[in-house]
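Asker: Okay, handing you the structure first.
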Amino acid sequence: MLLTPAWISRDLVNPAPPAIANGVVFALEAGGAHATLYALDAATGKQLYSSGDAIGTSTRLAGLSIGDGHVFFTTHDNTLYSFGIPLEH
């Protein structure tokens, strides 16, 4: 059996383990100056969202949690971030 990757993500600085929900891969880059949350299409790897500079500090030893239409994580200064996920109705 041979496994062939469907797509490869960008290089992330100190990434947290990804989380997947509703066909979207959520990747958290812990970063140097600040963390960045990415949402990627699970089938194609296309970037659907980036938090850009919205997160003011880095994160370490953080994981992503997904529930009730939100992605949650904490940063180095103990701030809890919650980003909403559009849900299909």
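Asker: Would you please name the residue that is surrounded by the fewest Cβ atoms within 10 Å (Cβ to Cβ), looking only at residues in the stretch 40-78 that are of a type in the set (A, V, I, L, M, F, W, C) and assigned to a loop (DSSP other than H, G, I, E, B)?
Answerer: Filtering first and then ranking leaves Leu61.
Asker: Whether any residue in the stretch 27-39 is of a type in the set (Asp, Glu) and assigned to a loop (DSSP other than H, G, I, E, B) is what I want to check.
Answerer: No, because not a single residue in the stretch 27-39 is of a type in the set (Asp, Glu) and assigned to a loop (DSSP other than H, G, I, E, B).
A short reminder: the numbers here are calculations on the coordinates, not readings from a lab. In this text, all values refer to a predicted model and were calculated from it rather than measured experimentally. No Cβ is skipped: glycine too gets one built from the backbone with ideal geometry, and neighbour counts run over all protein chains shown.
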